[in-house]
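First comes the structure, then the notes that go with it.
The values are calculated or read from the model by the stated rules, or taken from the named source; none is laboratory data. Since we're looking at a predicted model, the values are computed, not measured. Please note: Cβ atoms are built from the backbone with ideal geometry, for glycine as well, and neighbour counts cover all protein chains shown. Heads up: the accessible areas ignore ligands, DNA and RNA and are worked out on the full protein's heavy atoms, side chains in. Shrake-Rupley method; radii C 1.70, N 1.55, O 1.52, S 1.80 Å.
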Amino acid sequence: RIVHHAVAAGEVGTVLSYGPRAAREAAQAGAHSQALAHYEHVVPHLDALPADAQAQILVEYAWQLYAAYRFVEAVEVAERAAQIWDRLGDRVALGEALVAVSRSRYMADRPGPAMAAIEEAVRVLADTGNTAAQAYAEAYHGAVLSLTDRFEAALEQLALATELAERANRPDLV
C-alpha cells in the first residue's frame, strides 16, 4: 500500500525505499504480477541508487519479466545488470546475472547466445570460491545442455552441479 500511495503522490524516495522490498516479498509469496508492478515503479528511478543496488534490482526485475513470459525484455534487463556487475568487479554477482541472461536468451529463442552466457557464467564463477554460486551456474548449464539436446554432456554437468549443491547446502538446486 505504501508503494501504491507513494507512486500516486510522486514520492520517488519512498518508492525507492519500499518498492524493492515490496517486490521481493511479493515474488517470494508467488505474487509475480505484483512483484513485476513494484519493480516497474522502481526501475525508472534507478539512477538515484548506488550501482550495486541498481544491478541487484535489475537482476530481480529480469526474473520477474521472465516469469511473465516477457523474455526479450528480460534479456535486455539482465544484460544491463551483468554490465553493471562487470564494471563493479563483483564476479559472483556477475556470474549469477549471467545465469539470468542465459535463461532469458534461451526462452527468447536464442539458444546459441544462451549457451555462450551460461558458459561465461561458469568461467566467471570458477575461481571465486563461492560453491553455492558455482552450483547455481552449473545447474543452469546442465539445463541448457539438456534443452539443446546434448543429453550426455548435460548429465555430466548436472552431476557436477549436484555435487556442488550438496557441498553448498543448496537443496533447492539438488
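A few comments on the model shown:
- Considering only residues in the range 5-45 that are within 20 Å of the chain's Cα centre (by Cα) and among the charged types (D, E, K, R), the one that is least open to solvent (accessible area, probe 1.4 Å) turns out to be Glu40.
- No other residue among Ala137, Ala153, Ala133, Ala165 is more than 19 Å from the chain's Cα centre (by Cα) and modelled with pLDDT of 95 or more apart from Ala153.
- Checking each residue in the range 46-63 for being of a type in the set (A, V, I, L, M) and either open to solvent by 70 Å² or more (accessible area, probe 1.4 Å) or at positive phi (or both) picks out only Ala48.
- So Val43, is it among the aliphatic types (A, V, I, L, M) and under 26 Å from Gly89 (Cα atoms): yes
- Within the range 106-121, residues that are touching a residue at least 24 places away in the same chain (Cβ under 8 Å) sit with their Cβ atoms under 6 Å from residues that are open to solvent by 70 Å² or more (accessible area, probe 1.4 Å), at 6+ positions apart or across chains, in these pairs: Ala108/Val72.
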